[in-house]
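Let me begin by presenting the structure, written as structure tokens, before commenting on it.
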Amino acid sequence: MLTTTHRPRDGRIFEKEAKSLAKEHDVTVIAPSDAGDTGEEGVRIITVPKPASPLLHGVTLWRVLRACRGEECDVIHCHEPDALLLARFVDAKIAVSESVAGRFRGGRAEPVIISNYSVAGLAPPDPGVRERYGVVYMAGNMQMFHGVRECIQAISRVRVKFPYVSLTLIGGIRADIGAIMAKTNPRPEITMTGYLPYREMYEALRAGSVGLLVFQPAYHNAYIGLPNKLFDYMLCGLPVVASDFPEIRKVVTDAGCGILVDPTSPDAIAEAVIYLMEHPEEAQRMGESGQRAVLERYNWGRMEERLLDLYQSLNDSGMA
């Protein structure tokens, strides 16, 4: 499994796909990382040095290619379109949603939909009592197109009515938080956890009261995709305030688990958060509905079956 932009223990790549495939196959993940990692639970990890600047992405491609050439394998599983430069032929395609699949139809293989649903068994028990003014926001590597600025500005507006509101940012941060904060008044109380392993991440989510998912429309992959953060919020029983994008809209509407907003508007985000805080019973109902939806239909167990079936079809056809 090759990735040129994600960390070795990425939630989708390592915790879901690699661990699932390891139940029936020998799996090696090759990924850029500043820290060494050899893997666990049947998944072997090979890391390559990560350049200091994202402008040197071509160097990462070359390093991943070189590491890949040193391995014997039956299948090369690429996780980003640019990684396809490292493979000459494609025998199968995976997409996270129907909208994404539409971009890759045609050719020798039709896309198989394997969505970023949550691993239900990883969530810790519900704490019972949540932080009344705790808002959480999560993204793997927070950049401006993830809506970090809009989140901070929105929570600043919420603090006018709820002075004790706090914002917890979970994940790596690439955006200039300091510059954003300097232009925000009043300044919200912000806790930054950095990267957290899955179980610790869920524990942090469980302590919150509202989950924010306000990716920006300029980030086309999020606009047509289905972020795993949505299902993580739902699994942890959080009502969500989410970008009104096509695939996200389908899930939030179907599950009745939150409020859809214009993610470019801090006022709209703030109004949604205030509404949930002013209507705690409805917020609780939304959280419970989202959690029930994940346990019943939006869980990784169903997607694992599709992934293993896909690999079995490759084996049956003699491609692997």
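What follows is calculated from the coordinates using simple rules that are stated; it is not laboratory data. It should be emphasised that the depicted structure is a prediction, and the values quoted were computed from it without experimental measurement. Ideal geometry is used to build each Cβ from the backbone, glycine not excepted, and the neighbour counts take in all protein chains shown.
Annotations
- The amide H of I259, built 1.01 Å from its N in the peptide plane, has V240, V241, A242 as neighbours under 5 Å, considering only residues 5 or more places off or on other chains.
- Hits among lysines - C-alpha to C-alpha of K250 under 18 Å, sequence gap 8 or more where chains match: K229
- Neighbour count of at most 10 Cβ within 10 Å plus DSSP loop: longest chymotrypsin sites (Phe, Trp or Tyr not before Pro)-free window in the chain: 165-320
- Extents of the chain, taken as max minus min of Cα coordinates on every principal axis and listed largest first, are 62, 42, 36 Å.
- Nearest-ten-degree value, helix 246-255 long axis tilted from longest Cα axis of the chain: 60 degrees
- Each residue of the stretch 299-311 is assigned a 3J(HN,Hα), and the resulting list reads 10, 5, x, 5, 6, 4, 4, 5, 5, 5, 5, 4, 5 Hz, derived from the Karplus form 6.51 cos²θ - 1.76 cosθ + 1.60 (θ = phi - 60°), x at Gly and Pro.
- All Cα pairs of the stretch 120-296, percent lying beyond 24 Å: 28 percent
- Alpha-carbon radius of gyration plus Dmax, which is the widest Cα pair, for the stretch 137-195 in Å: 10.8, 31
- Measuring gaps between exposed loop sites in the chain (trypsin sites (Lys or Arg not before Pro); DSSP loop; at most 13 other Cβ atoms within 10 Å), the longest gap, sites not included, is 184-296.
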